[in-house]
1. Label-point separation (nm) for residue 3 and residue 33, each offset 7 Å from Cα along Cα-to-Cβ?
2. With angles folded into 0 to 90 degrees, how steeply does helix 80-100 sit against the dominant principal axis of the chain? Use alpha carbons for both and round to 10.
3. Leaving out ligands, DNA and RNA, and with a 1.4 Å probe, what % of the accessible surface on the chain is carbon or sulfur?
4. Going by average Cβ density within 10 Å per residue, which order do the peptides 37-48, 84-95 take, highest to lowest?
5. Can you tell me which of 167, 148, 132 moves the most in a GNM of the chain? Springs connect C-alpha atoms under 10 Å apart.
6. Going through the stretch 1-88, which GluC sites (Glu not before Pro) have at most 14 other Cβ atoms within 10 Å and a DSSP loop state?
7. Using a 1.4 angstrom probe and counting only protein chains, how large is the accessible area of residue 3 in Å², to 10?
8. Once you have a ≥ b ≥ c as the square roots of the Cα gyration tensor eigenvalues for the stretch 126-178, tell me rounded if a/c is under 1.5, and otherwise prolate or oblate according to whether a/b is larger than b/c.
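The values are calculated or read from the model by the stated rules, or taken from the named source; none is laboratory data. Model, not experiment: these values are computed from the prediction. Neighbour counts are summed over all protein chains in view; Cβ atoms, including those assigned to glycine, are modelled from backbone coordinates with ideal geometry. For accessibility, only protein heavy atoms count, side chains too; no ligands or nucleic acids. Shrake-Rupley method; radii C 1.70, N 1.55, O 1.52, S 1.80 Å.
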Amino acid sequence: RLHEATADLDVGFVVNNAGFGMAGRFEHGEHDRLLEMVRLNCVAVTAVAHLFLPRLTKRGRGALVIVASTAGFQPVPLMAAYSATKSFDLLLGEALWAENRGSGVDVLAVCPGPTDTEFQTVAGEKPHAGVPASDVVNATVGALGKQPSVIVGNMNAIRAFSVRFAPRAWIARIAEMVMRENVPESVR
């Protein structure tokens with residue numbers, strides 16, 4: 001349907017930002033909702049990129065933005081499948097950036113942390129502070145054509161970078177402590 005709806009359009013900028021998360025222990029998540037999340041966060045992202053990249057390449061210019069997450073840099077207990085899907089998005093975006101260098105098409109994986117949207121409500125998290133969506137947009141526009149991915153926010157960048165130097169077991173435990181503060185006890 002997306003192909004048909006856009007077939008006559010000269011699409012030059014694609015933002016692949018549909019997605020959602022699920023807070024709580026993996027085994028407590030609703031089976032069908034879990035699979036729906038994987039389909040939207042991974043399969044749909046792949047399908048949209050595959051649909052539009054040839055069109056962007058043919059026109060010789062344009063941009064494809066894939067919204068990943070800082071959760072994609074680490075294992076995140078109590079959001080295990082979500083962080084895994086965002087790792088997929090991050091690595092897909094960075095790989096497509098490399099493949100498309102010199103084509104006139106900019107590919108960028110955007111990695112925000114908590115953002116002031118409906119994400120927390122949909123994911124079943126307790127409300128907590130996030131950056132304005134405008135900060136994510138500004139970081140995206142500022143990074144296009146310059147790098148394969150951008151992390152929104154200095155603290156998020158420090159956290160994402162630091163996970164490269166600590167044992168994964170430590171990172172998983174620290175992430176779980178943080179998530180326990182944001183996830184209702186009923187789903188932990």
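1. 3.3
2. 20
3. Carbon plus sulfur share of accessible area: 59 percent.
4. 84-95, 37-48
5. Most flexible of the set in this elastic network: 167.
6. 30
7. The accessible area of residue 3 comes to roughly 100 Å².
8. Details: a/c = 3.76, a/b = 1.45, b/c = 2.59.
Cα axes put the stretch 126-178 in the oblate bin.
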